[in-house]
């Protein structure tokens, strides 16, 4: 199985689960605080699922780093918010800040790949 297929599969799962969790929030959660947490998590997850698809099938090291950091952000940031919504009694370490930094670092990898050294034509 090629890496492109694996990344596309992860992006598809991330997108589908974000939409499903948005629906759960819209129909099954009544308090505003938890709805807001869920909306933040699902929107960021969905944006980054699409971003994973936007990277070409043979990315350089920097873009591969962006992919890995975004996946880490989905798991840590969004996962921590989902845990607060669906398992509020669960005592987790502060994972959301690490996940948020992962999202930002991923985008900086994209910026560096765009501004990186280019070969002369």
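The values are calculated or read from the model by the stated rules, or taken from the named source; none is laboratory data. On a predicted model such as this, the values are computed, not experimentally measured, just so you know. No Cβ is skipped: glycine too gets one built from the backbone with ideal geometry, and neighbour counts run over all protein chains shown.
Check residue 59 against each of (1) more than 12 Å from the chain's Cα centre (by Cα); (2) part of a helix (DSSP H, G or I) and name the one condition it does not meet. It fails just one condition, (2). When every residue of the range 14-26 is checked against the conditions, none turns out to be in a helix (DSSP H, G or I), under 15 Å from residue 107 (Cβ atoms) and under 9 Å from the mean Cα position of the chain (by Cα). I'd like to check something: does the range 24-38 contain any residue that is touching a residue at least 12 places away in the same chain (Cβ under 8 Å) and under 22 Å from residue 114 (Cβ atoms)? No, there is no match, as no residue in the range 24-38 is touching a residue at least 12 places away in the same chain (Cβ under 8 Å) and under 22 Å from residue 114 (Cβ atoms). When you go through (1) out of contact with any helix residue (DSSP H, G or I) (no Cβ under 8 Å at 6 or more places or on another chain); (2) crowded, with 16+ Cβ neighbours inside 10 Å; (3) within 19 Å of residue 10 (Cβ to Cβ) one by one for residue 83, which number turns out not to apply? Of the numbered conditions (1) out of contact with any helix residue (DSSP H, G or I) (no Cβ under 8 Å at 6 or more places or on another chain); (2) crowded, with 16+ Cβ neighbours inside 10 Å; (3) within 19 Å of residue 10 (Cβ to Cβ), the odd one out for residue 83 is (3). Listed by first and then second residue, the pairs with beta-carbon distance under 7 Å, at least 6 apart or on different chains, first residue in the range 75-91 and outside any helix (DSSP H, G or I), second surrounded by 15 or more Cβ atoms within 10 Å (Cβ to Cβ), are 90/83.
Scanning the range 92-121 for residues that are touching a residue at least 12 places away in the same chain (Cβ under 8 Å) and assigned to a loop (DSSP other than H, G, I, E, B) yields 92, 94, 95, 116. Being more than 14 Å from residue 37 (Cα to Cα) and at pLDDT below 95 is true of residue 113.
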